[in-house]
1. Are any residues in region 171-193 farther than 20 Å from Val300 by Cβ, touching a helix residue (DSSP H, G or I) at 6+ places or on another chain (Cβ under 8 Å) and of a type in the set (A, V, I, L, M, F, W, C), and if so, which ones?
2. Would you confirm whether any residue within region 276-288 is out of contact with any Asp or Glu (no Cβ under 9 Å at 6 or more places or on another chain) and either not assigned by TED's automatic domain parsing to the domain that holds Gly239 or not aliphatic (A, V, I, L, M) (or both)?
3. I'm checking my understanding of the structure. Among residues of region 120-150 that are among the hydroxyl-bearing types (Ser, Thr, Tyr) and open to solvent by 50 Å² or more (accessible area, probe 1.4 Å), which one is modelled with the highest pLDDT?
4. Consider Leu260 carefully, then state whether it is touching a Leu at 6+ places or on another chain (Cβ under 8 Å), in contact (Cβ under 8 Å) with a residue 60 or more places away in the chain and either under 26 Å from Leu21 (Cβ atoms) or not assigned by TED's automatic domain parsing to the domain that holds Gly19 (or both).
5. Give the residues of region 279-296 that are within 10 Å of the ligand (Cβ to nearest atom) and farther than 20 Å from Phe438 by Cβ, sorted by residue number.
6. Pick from Gly271, Gly239, Gly217: which is under 26 Å from Arg314 (Cα atoms) and of a type in the set (Gly, Ala, Ser)?
7. What number of residues in region 34-93 are open to solvent by 70 Å² or more (accessible area, probe 1.4 Å) and assigned to a loop (DSSP other than H, G, I, E, B)?
8. Are there any helices (runs of 4 or more DSSP H) wholly within region 289-383 with 3 or more residues that are touching a residue at least 60 places away in the same chain (Cβ under 8 Å) and not charged (D, E, K, R), and if so which?
Amino acid sequence: MLVELKQRLREITDLNAAGDLLNWDQATYMPQGGAGAHGRQRAILNRLAHERAVEPALGELIDRLTRYGENLPYDSDDASLIRVARRDFQKKIKIPSDHVERATAHFSSSYDAWTRARPGNDFATMAPYLERTLNLSREYSSYFEPYNHVADPHIDDADEGMTAASISGLFGELKLQLVALARAICEQPAADDASLRQTFAKAAQFDFALHVAKSLGYDLKRGRLDLTHHPFSTRLSAGDVRITTRVSENDLGDALFSTLHEAGHAMYEQGISAELDGSPLGQGVSAGVHESQSRLWENVVGRSRGFWEYFYPRLQRIFEEQLSRVPLGAFHRAINKVARSLIRTDADELTYNLHIMLRFDLELKMLEGQLRVTDRADLGIAPSDDRDGCLQDAHWYSGYIGGRLQSYAIGNILSAQFYAAALKMHPDILHEIATGEFGTLHTWLAASLRRTISSSARPAR
Ligand code: ZN
């Protein structure tokens with residue numbers, strides 16, 4: 001029976017992976033003319049995967065295996081698999097297949113429209129898409145009634161057990177200290193980051209970013225790096241975990257830190273035992289834990305002094321004209337500059353969480369119907385156009401509203417905790433990073449996270 005369960009779950013995973021490959025293609029190489037057919041193809045694949053995932057025979061199989069699973073050691077792979085399969089089935093059975101198909105097709109055309117609307121600074125085109133996204137997001141939540149907050153079903157999908165109330169509590173506490181800290185820093189003279197805003201050849205930036213990702217431990221035999229509008233990583237199988245980046249000629253940090261971020265996600269996926277491939281255990285345990293890995297490599301490691309003691313001489317050799325007269329200390333201060341800014345993905349480590357809190361508030365208000373798509377919020381810093389305001393990233397144009405952005409802040413918190421725990425076990429990590437050696441940290445993270453995976457789907461507390 002367990003063999004049959006694994007076989008059925010593998011088929012669902014494979015259908016989803018085929019859809020993810022279409023996503024990746026749309027976001028990288030697809031010519032503009034392919035958007036319509038792509039959206040249709042993804043929608044039908046998602047519908048098929050959903051129909052497979054809610055077949056009564058699968059439900060019966062899980063029911064028959066539940067008692068067996070309860071007698072296995074709680075943290076064993078098989079017991080965890082049966083628990084996770086049961087949780088997923090009980091969720092999916094509530095969602096009609098036609099909703100899955102409609103939502104997928106909409107997100108695909110919305111993303112496609114956003115890729116043109118952002119450079120065109122054209123929110124008017126996107127407003128009806130966003131309106132429909134909100135309606136679909138509410139519709140999705142309605143399948144999980146009763147809930148305390150309309151965002152709760154989305155939040156639970158991303159970070160199981162968390163709710164709008166628990167996240168608001170967490171953010172409220174964090175905000176008190178972060179706002180004071182940001183204010184104190186912003187009152188000081190700002191760090192000079194002009195050195196990052198010179199002209200840097202795109203191809204050389206791409207190659208350097210790839211070199212760094214590889215040095216951290218991103219395995220290119222099981223991955224690749226391509227260009228996109230809004231960087232992301234995607235797992236197609238244990239042997240194929242891809243990352244994407246974008247390169248800006250006048251911003252040295254963009255490609256570099258985006259690539260480190262996505263490599264962090266991908267290294268987490270590459271670290272999962274290959275035996276779990278094709279099962280619901282063969283993927284990251286939650287969005288927050290996922291972001292902890294990306295943010296750890298991007299910021300905690302990637303903006304540290306030791307890291308650049310190792311990599312900066314190489315970067316200086318590549319961009320000799322631009323960086324030969326910029327000392328390491330000045331470069332290190334430039335990549336850690338704290339300033340109020342408009343774009344979340346470009347924000348510094350400190351103000352980034354404030355971006356998330358603000359966006360999370362806006363999402364809750366939009367879902368509640370308190371804030372309309374066409375309303376303008378006063379945020380204390382006003383974007384001069386929609387490109388840097390409501391169109392700034394793909395989040396509101398490629399999926400449901402209300403379930404994802406908070407995971408970045410949760411990830412930031414977890415990243416600091418993971419790193420502190422790693423240093424406690426292996427104080428040498430600091431020295432190793434400064435000599436370009438990342439194996440101890442990488443191995444420790446993979447081993448620690450492997451334990452998180454098999455203990456997922458604990459009853460919510
Ligand atoms: Zn991420």
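1. Within region 171-193, Phe171, Val179 qualify.
2. Yes, region 276-288 contains at least one residue that is out of contact with any Asp or Glu (no Cβ under 9 Å at 6 or more places or on another chain) and either not assigned by TED's automatic domain parsing to the domain that holds Gly239 or not aliphatic (A, V, I, L, M) (or both).
3. Tyr143
4. In short, no.
5. Once the filter is applied, which keeps residues that are within 10 Å of the ligand (Cβ to nearest atom) and farther than 20 Å from Phe438 by Cβ, region 279-296 yields only Ala287.
6. Just a single option satisfies the conditions, and that option is Gly217.
7. 5
8. Fully inside region 289-383 and qualifying: 305-318, 328-335, 349-368.
The values are calculated or read from the model by the stated rules, or taken from the named source; none is laboratory data. What you see is a predicted model; the values in this text were computed from it and never measured. No Cβ is skipped: glycine too gets one built from the backbone with ideal geometry, and neighbour counts run over all protein chains shown. For the accessible areas, the whole protein counts, side chains as well, though only heavy atoms, and no ligand, DNA or RNA atoms are used. Shrake-Rupley method; radii C 1.70, N 1.55, O 1.52, S 1.80 Å.
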